[in-house]
1. Would you mention how many residues in the stretch 1-28 are of a type in the set (A, V, I, L, M) and either surrounded by 13 or more Cβ atoms within 10 Å (Cβ to Cβ) or assigned to a loop (DSSP other than H, G, I, E, B) (or both)?
2. Among the residues of the stretch 39-55, are any loosely packed, with under 10 Cβ neighbours inside 10 Å, among the acidic types (Asp, Glu) and part of a helix (DSSP H, G or I)?
3. When both residues are 6+ apart or on different chains and their Cβ atoms are under 7 Å apart, which pairs have a first residue that lies in the stretch 30-43 and is more than 15 Å from Leu14 (Cα to Cα), and a second that is assigned to a helix (DSSP H, G or I)?
4. Taking the stretch 29-38, which residues are among the hydrophobic types (A, V, I, L, M, F, W, C) and surrounded by 12 or more Cβ atoms within 10 Å (Cβ to Cβ)?
5. Being over 12 Å from the mean Cα position of the chain (by Cα) and of a type outside the set (A, V, I, L, M) narrows it down to one of Gly40, Gly25, so name that one.
6. Is there a residue being acidic (Asp, Glu) and modelled with pLDDT of 85 or more anywhere in the stretch 23-46?
Amino acid sequence: MSPTITGLAIGAVLAVVSLAFGFWGLLVTALFMAIGAVLGRSAEGKLDLRGVLDALRGKRSST
């Protein structure tokens, strides 16, 4: 699936959710979609969660 189609689908889902559940429902849905994307990338091996967590904690730098 191309990035354009993926972005279109995500936008459509968020628009429907915002109409159905309001602003807070939109935020919760967007948060869960982001968490799912991160977990999916991690499961595919395209994202190292330990590296991300270390960077967020300040234990690892990009240099």
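1. So the count comes out to 7.
2. yes
3. Ser42/Leu49
4. Ala30, Met33, Ala37, Val38
5. Only one candidate qualifies: Gly25.
6. There is no residue in the stretch 23-46 that is acidic (Asp, Glu) and modelled with pLDDT of 85 or more.
The values are calculated or read from the model by the stated rules, or taken from the named source; none is laboratory data. As the structure is a computational prediction, the values presented were derived from the model and not from experiment. Quick reminder, even Gly has a Cβ in these numbers, built from the backbone with ideal geometry, and neighbours come from all protein chains shown.
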